[in-house]
Amino acid sequence: MSARPQINVLIVDDSAVVRQVISEVLSKDRSINVIAAVADPLFAMQRMRVQWPDVIVLDIEMPRMDGITFLRKIMAERPTPVVVCSTLTTRGAATTVQAMAAGAVTVVGKPKIGARSYLLDASTGLLHAVKVAAHANVRNLRSPARDEAGEPLEATVTEAMRETSETVVAIGTSTGGTQALEAILSALPRVTPGIVVVQHMPEKFTAAFAERLDSVCRVEVKEAKDSDRVLPGRVLIAPGGRHMSLKRSGARYYVEVKDGPLVHHHRPSVDVLFRSVAKVAGSNAVGIIMTGMGSDGALGLQEMHEAGAHTVAQDEATSVVFGMPKEAIKLGAVDRVLPLQELAREIMRFG
């Protein structure tokens with residue numbers, strides 16, 4: 001039986017220390033081959049003429065050409081999985097979110113100081129990110145969720161919609177989810193049910209991600225804070241590093257944001273959100289599980305399904321990684337399997 005081919009990785013970072021440490025971390029895994037570690041995108045393009053990588057680990061702020069410009073060029077010419085390794089600062093988060101929108105598969109944070117010790121401590125996450133990226137369907141990273149005419153969906157405000165205004169839509173996603181969420185939420189009209197979202201993302205990045213979505217969507221999008229109300233036309237995104245649960249006080253829904261142990265290696269966890277929605281909203285909820293590696297959310301969606309909620313999974317053809325939806329489908333937790341471009345319409349149908 002022949003061995004599986006190695007994952008050829010190109011590292012692009014202007015810091016010699018970061019290049020050295022990432023090379024050391026990745027080279028310890030026999031399934032990964034670091035073909036080069038270069039200081040900027042121009043050197044990277046020279047190296048890629050000789051050998052095209054399977055995965056690129058990319059910094060954003062670099063001399064001669066920034067990482068976002070390079071990323072857009074790569075995705076236009078030859079879509080390739082990219083893992084962004086970006087600074088853990090507010091400014092770094094904002095630029096990293098732009099990179100995710102441009103087609104990066106996932107992001108690994110790094111501090112401005114102490115990069116060596118941090119990256120060595122975070123080696124497991126970095127290795128996992130590279131391996132996930134190597135199997136990602138990057139051609140699905142920028143799929144639009146629009147109607148057949150290419151226009152955003154419009155709401156039909158009916159008495160029935162007003163009667164179901166307490167419906168809650170819960171969405172869980174991971175790898176490829178930042179682009180998929182933008183596609184769905186930007187297609188929604190201003191009048192929608194309240195939406196709560198868990199997107200696996202490092203701490204400090206979710207606020208910038210929510211701000212970006214808010215700037216391109218008609219619905220309000222914000223990073224959730226403890227006790228935030230779940231309201232029609234509002235999308236609450238769980239903050240990185242915190243779990244988010246749905247709660248209810250009388251007829252009002254709100255979220256609880258708190259610390260807690262990792263669930264399926266994640267905090268926030270989709271399962272934590274979905275299970276709370278099953279208990280609190282029951283049949284008055286819609287659950288959607290989307291692109292992502294692993295099984296987080298599958299058991300929670302099953303609980304929502306058993307509680308009478310309408311449950312949906314993104315299909316394999318439009319997923320960047322079909323792990324999370326596949327696990328939910330295997331459990332029998334899913335009512336409908338739909339492509340990305342139909343999910344916004346499904347929200348409006350059942351919300």
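Any read-out appearing in this document is the output of simple, stated calculations on the displayed coordinates, not a laboratory observation. Note that the structure is a prediction, hence the values are computed from the model and not measured. Using ideal geometry, Cβ is built from the backbone for each residue, glycine included, and neighbour counts are taken over all protein chains shown.
Things to note:
- A P(r) calculated from all alpha carbon pairs of the chain, with 20 Å bins opening at zero, reads 32, 55, 13, 0 percent.
- Peptides 255-266, 191-202, 6-17 ordered by average Cβ neighbours within 10 Å, highest first: 191-202, 6-17, 255-266
- Note on the range 284-351 and the range 227-278: Cα centroid distance 17 Å, given to the nearest whole angstrom.
- Coarse-grained scattering of the range 159-350 at q = 0.08, 0.14, 0.15, 0.19 Å⁻¹, given as base-10 log I(q)/I(0) from a Debye sum over alpha-carbon atoms: -0.20, -0.66, -0.77, -1.36
- Within the range 4-50, the trypsin sites (Lys or Arg not before Pro) that combine a DSSP coil assignment with at most 11 other C-beta atoms in a 10 angstrom radius are LYS28, ARG30.
- Taking packing as the residue-averaged number of other Cβ atoms within 10 angstrom, the listed peptides 65-75, 267-277 run from highest to lowest as 267-277, 65-75.
- The residues neighbouring GLN302, those whose beta-carbon lies less than 12 Å from its own, together hold a net charge of -3 under the Lys/Arg +1, Asp/Glu -1 convention.
- All-pairs alpha carbon distance profile, the range 7-135, 5 Å steps from 0, percent: 2, 12, 24, 27, 22, 10, 2, 0
- Evaluated at q = 0.13, 0.15, 0.24 Å⁻¹, a Debye calculation over the C-alpha positions of the range 231-340 (equal weights, vacuum) places log10 I(q)/I(0) at -0.46, -0.61, -1.37.
- One Cα centroid belongs to the range 42-93, the other to the range 15-40; the line between them spans 14 Å.
- Dipole moment magnitude, nearest 20 debye, the chain about Cα centre, only Lys, Arg, Asp, Glu C-beta charged: 580 debye
- Net charge in the neighbourhood of VAL21 (other residues with Cβ under 11 Å of its Cβ; Lys, Arg +1, Asp, Glu -1) is 0.
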